2 protein chains.
Amino acid sequence: MNKQPIGLLDSGVGGLTVVKEAMRQLPHEQLIFIGDQARLPYGPRPVAQVQQFTWELTQFLLQKHIKMLVFACNTATAEALQVIKPKLDIPVIGVILPGSRAAIKATKTGRIGVIGTEGTIKSGAYARTIQRKNKHIKVVSVAAPKFVPLVESNEYESTVAKKVVAETLRPFKKHQVDTLVMGCTHYPLLRPIIQNVMGDNVTLIDSGAETVSEVSTLLDYFEIANDDQNYHPKHEFYTTGSGQMFDEIANDWLELTDIHAQEVDLKKALQLT
Amino acid sequence: MNKQPIGLLDSGVGGLTVVKEAMRQLPHEQLIFIGDQARLPYGPRPVAQVQQFTWELTQFLLQKHIKMLVFACNTATAEALQVIKPKLDIPVIGVILPGSRAAIKATKTGRIGVIGTEGTIKSGAYARTIQRKNKHIKVVSVAAPKFVPLVESNEYESTVAKKVVAETLRPFKKHQVDTLVMGCTHYPLLRPIIQNVMGDNVTLIDSGAETVSEVSTLLDYFEIANDDQNYHPKHEFYTTGSGQMFDEIANDWLELTDIHAQEVDLKKALQLT
């Protein structure tokens with residue numbers, strides 16, 4: 001039994017889809033989330049800078065005495081996880097391995113599609129991870145640069161969204177994948193449209209949801225889950241950007257009304273340690 | 001990169017459904033399986049004896065320099081995992097937590113059914129594990145003592161099987177579960193019949209398959225997966241009972257032709273260390 005919180009970080013609000021899934025699967029665990037809106041997006045930044053920013057978010061969360069750390073961000077996972085993980089005494093996990101594993105488990109034809117931001121697709125992290133585990137699997141990767149803006153502008157149910165999704169996913173027509181990894185934590189918001197375009201026979205993999213399963217596995221394995229059924233955790237949300245904007249998006253997306261993010265000046269917060 | 005094998009133990013051949021799933025999800029990993037046919041079934045035995053037998057199987061597998069140990073048996077998991085895990089330097093996992101976690105993830109109505117041997121159902125391990133994680137979930141547990149004999153006598157596709165399964169699962173009619181945990185490693189052989197009786201809207205959870213996902217998670221987490229794509233592992237199978245009988249069942253069930261189990265005298269094998 002361990003009531004310490006679980007820390008989650010993201011470059012923005014996309015990681016809240018992981019938070020939502022964690023609230024559902026792990027209702028007794030307190031969550032502390034920080035989004036680095038002030039310096040979003042991470043995708044086009046140099047690797048060293050992504051590592052530095054992620055390290056700062058990590059330090060901030062460590063001050064909150066977290067028992068586990070989740071990189072709820074594909075870019076941070078691809079570029080900073082392997083550098084930061086060995087430095088910490090607590091378990092640290094990212095979103096790419098859980099998503100890859102779930103896709104390998106789901107596919108029957110051995111043909112997996114991956115969609116992600118341009119940065120994630122260019123890094124080749126999903127294809128590399130999947131094929132390292134099974135080289136016979138064919139991975140078709142397609143960048144979906146227009147998806148995040150659609151979601152961030154709250155247009156993820158619009159007819160524009162339907163058109164953009166259909167156009168973006170067209171390359172998959174000829175490859176006949178039976179499994180599609182949503183390799184960005186923003187994409188689950190577009191899930192109904194993506195499923196409609198891909199067809200019911202294609203299994204959609206929500207990397208964020210799979211990551212929460214992995215969190216659950218490690219909590220149990222290390223015996224640090226909070227099993228107090230009467231504990232109603234009060235989650236904490238932080239942003240380096242505008243708290244008001246964060247709250248609007250977060251409450252709308254997560255169908256919650258009580259998220260009030262605190263604005264954080266990272267430099268100041270980290271000097272206080 | 002680590003080419004050491006993964007060890008799996010069971011009271012009998014049921015754990016081979018876990019082996020089959022491991023071969024599929026983790027094609028580069030060498031597996032070493034031991035079934036304790038000579039002392040089957042474990043279910044009705046005193047706890048101390050199950051712990052002793054499981055410890056002997058564990059010792060046998062440790063001689064093979066395994067890098068991880070899987071209790072592919074519900075009884076061993078329920079009664080011996082917590083005692084043996086702290087004694088070993090390698091990761092050890094069972095089947096109950098992965099199955100419980102998957103069920104919690106899958107249910108939408110919060111009503112989960114569990115079927116298992118009389119021993120497993122009597123131990124209450126699944127209901128306890130699920131409700132420790134989320135006390136609002138209703139768990140309906142039903143013992144299915146006739147399923148293992150059906151499978152072991154190779155009748156798992158017969159009309160008798162259909163009748164027995166329909167009768168056994170009748171109590172679920174009035175409880176309207178949307179998820180059913182197959183809490184015995186033998187049951188996936190009856191999956192088509194069980195699905196047919198429960199209806200397409202009920203999600204069946206294969207604890208063994210979920211356990212392999214957890215194996216995969218821990219291999220990655222501890223960085224001990226074998227990522228050599230050109231490695232074609234030669235699996236090893238051992239039984240304390242009749243090798244010939246083991247081979248017949250194993251090759252039939254797993255749709256393989258090349259399983260040749262070696263007969264093991266545990267007492268002799270363990271004195272040699």
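Brief remarks follow.
- Qualifying residues in region A:82-135 (those that are of a type in the set (S, T, N, Q) and within 20 Å of residue A:45 (Cβ to Cβ)) - the one most open to solvent (accessible area, probe 1.4 Å): A:82
- Whether a residue is at pLDDT 95 or above and not hydroxyl-bearing (Ser, Thr, Tyr) was assessed, and residue A:21 does not pass this test.
- Remark: pairs (first residue in region A:246-273, under 16 Å from residue A:186 (Cβ atoms); second residue at pLDDT 85 or above and small (Gly, Ala, Ser); Cβ separation under 6 Å; 6+ apart in sequence or on different chains) = A:246/A:261.
- Remark: pairs (first residue in region A:4-15, modelled with pLDDT of 95 or more; second residue in a strand (DSSP E or B) and open to solvent by less than 10 Å² (accessible area, probe 1.4 Å); Cβ separation under 6 Å; 6+ apart in sequence or on different chains) = A:5/A:32; A:6/A:31; A:6/A:68; A:7/A:32; A:7/A:69; A:8/A:33; A:8/A:70; A:9/A:34.
- Residue A:259 being assigned to a loop (DSSP other than H, G, I, E, B), closer than 12 Å to residue A:16 by Cα, open to solvent by less than 50 Å² (accessible area, probe 1.4 Å) and modelled with pLDDT under 90: yes
- Any hit, region B:165-180, residues being touching a Lys or Arg at 6+ places or on another chain (Cβ under 6 Å), within 14 Å of chain A (Cβ to nearest Cβ) and either open to solvent by 20 Å² or more (accessible area, probe 1.4 Å) or over 22 Å from residue A:214 (Cα atoms) (or both): no
Each row is one residue, and each column tells you yes or no for (1) open to solvent by 10 Å² or more (accessible area, probe 1.4 Å); (2) modelled with pLDDT of 95 or more; (3) under 15 Å from the mean Cα position of the chain (by Cα); (4) among the aliphatic types (A, V, I, L, M).
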residue: B:195; (1), (2), (3), (4): yes, yes, no, no
residue: B:206; (1), (2), (3), (4): yes, no, yes, no
residue: B:210; (1), (2), (3), (4): yes, no, yes, no
residue: B:216; (1), (2), (3), (4): no, no, no, no
residue: B:222; (1), (2), (3), (4): yes, no, no, no
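- Restricting region A:25-48 to residues that are without any contact (Cβ under 8 Å) to a residue 60 or more places away in the chain and in a helix (DSSP H, G or I) leaves a set whose member that is farthest from residue A:122 (Cα to Cα) is A:48.
- Here residue A:89 meets each of (1) without any contact (Cβ under 8 Å) to a residue 40 or more places away in the chain; (2) assigned to a helix (DSSP H, G or I) with one exception, condition (2).
- Residue list for region B:136-148, filter: within 24 Å of residue B:192 (Cβ to Cβ) and either open to solvent by 40 Å² or more (accessible area, probe 1.4 Å) or within 14 Å of chain A (Cβ to nearest Cβ) (or both): B:141, B:145, B:146
- Meets criteria (away from chain A (no Cβ under 14 Å) and out of contact with any helix residue (DSSP H, G or I) (no Cβ under 8 Å at 6 or more places or on another chain)) for residue B:122: yes
- Members of region A:24-38 that are surrounded by fewer than 19 Cβ atoms within 10 Å (Cβ to Cβ) and either away from chain B (no Cβ under 14 Å) or modelled with pLDDT of 95 or more (or both): A:38
- Residues satisfying the stated conditions in region A:52-74, i.e. part of a helix (DSSP H, G or I) and modelled with pLDDT of 95 or more: A:52, A:53, A:54, A:55, A:56, A:57, A:58, A:59, A:60, A:61, A:62
- Condition met for residue A:141 (of a type in the set (Gly, Ala, Ser), farther than 16 Å from residue A:211 by Cα and at pLDDT 95 or above): yes
- Matching residues in region A:201-230 - criterion: being within 13 Å of chain B (Cβ to nearest Cβ) and closer than 30 Å to residue A:173 by Cβ: A:205, A:206, A:208, A:209, A:210, A:211
- Flag if residue A:185 is in contact with a Gly (Cβ under 8 Å, 6 or more places away or on another chain) and not basic (Lys, Arg): yes
- Verdict on residue B:62 being surrounded by fewer than 19 Cβ atoms within 10 Å (Cβ to Cβ), over 17 Å from the mean Cα position of the chain (by Cα), of a type in the set (A, V, I, L, M, F, W, C) and under 22 Å from residue B:241 (Cβ atoms): yes
- As for region A:60-74, it holds at least one residue that is over 18 Å from residue A:266 (Cβ atoms) and aliphatic (A, V, I, L, M).
The values are calculated or read from the model by the stated rules, or taken from the named source; none is laboratory data. Values in this document were obtained by computation on a predicted structure and should not be read as measured data. Cβ: placed from backbone, ideal geometry, glycine included. Neighbour counts: every protein chain shown. When the accessible area is computed, the model is the full protein with side chains, heavy atoms only, and any ligands, DNA or RNA have been set aside. Shrake-Rupley method; radii C 1.70, N 1.55, O 1.52, S 1.80 Å.
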